[in-house]
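The values are calculated or read from the model by the stated rules, or taken from the named source; none is laboratory data. Computed from a predicted model, the values in this text were never measured in an experiment. Cβ atoms come from the backbone with ideal geometry, glycine included; neighbour counts cover every protein chain shown.
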Amino acid sequence: MDTLTKLEATIAARRSASPDQSYVAKLNAKGLPKIAEKVGEEATETIIAALTGSDAELTGEAADLLFHLLVLLSAKGVPLSDVMAELDRREGVSGLDEKASRPESPT
Ligand SMILES: N=c1c2ncn([C@@H]3O[C@H](COP(=O)(O)OP(=O)(O)OP(=O)(O)O)[C@@H](O)[C@H]3O)c2ncn1[C@@H]1O[C@H](COP(=O)(O)O)[C@@H](O)[C@H]1O
């Protein structure tokens with residue numbers, strides 16, 4: 001099992017833990033807007049690290065961003081495998097124009 005898939009399973013298991021003992025449970029208890037805000041915060045910190053920080057700082061912020069993105073996907077019930085499948089699908093799309101790289105929107 002790859003690292004992100006293992007982390008996804010850990011996050012799913014920790015969602016129902018005590019918020020006193022689990023960061024994942026604490027964040028879920030605060031609700032979806034707070035989880036989404038954390039993703040934005042970590043994305044900003046990743047950008048700052050990329051522009052002004054060391055490679056080690058960028059690595060740390062990228063890890064924070066991926067972790068919080070997995071917490072968000074879990075809270076929304078969207079499996080990581082769906083995201084991976086979408087990336088695989090795009091890899092198979094020839095060219096990268098705006099329309100072809102996005103899933104069909106429901107009409
Ligand atoms: N990968 C991580 C991970 N990365 C970052 N963090 C936490 O994310 C938080 C981010 O720090 P911030 O300063 O931005 O946030 P904060 O001050 O704690 O909280 P805010 O009030 O600012 O939102 C820190 O508390 C980090 O400990 C993580 N917490 C947990 N995990 C993984 O999730 C698993 C389950 O964790 P628990 O839910 O704590 O058991 C762990 O075993 C790890 O594998």
(message) Suppose the filter is of a type in the set (A, V, I, L, M), at pLDDT 95 or above and under 17 Å from the mean Cα position of the chain (by Cα); does Ala56 pass it?
(response) no
(request) Check Leu73, Leu58 and return the single one that is in contact with a Pro (Cβ under 9 Å, 6 or more places away or on another chain), hydrophobic (A, V, I, L, M, F, W, C) and away from the ligand (no atom under 13 Å from the Cβ). (result) Leu73
(request) Identify all residues within region 37-55 that are among the hydrophobic types (A, V, I, L, M, F, W, C) and either within 16 Å of the ligand (Cβ to nearest atom) or touching an Asp or Glu at 6+ places or on another chain (Cβ under 6 Å) (or both); write none if there are none. (result) Val39, Ala43, Ile47, Ile48, Ala49
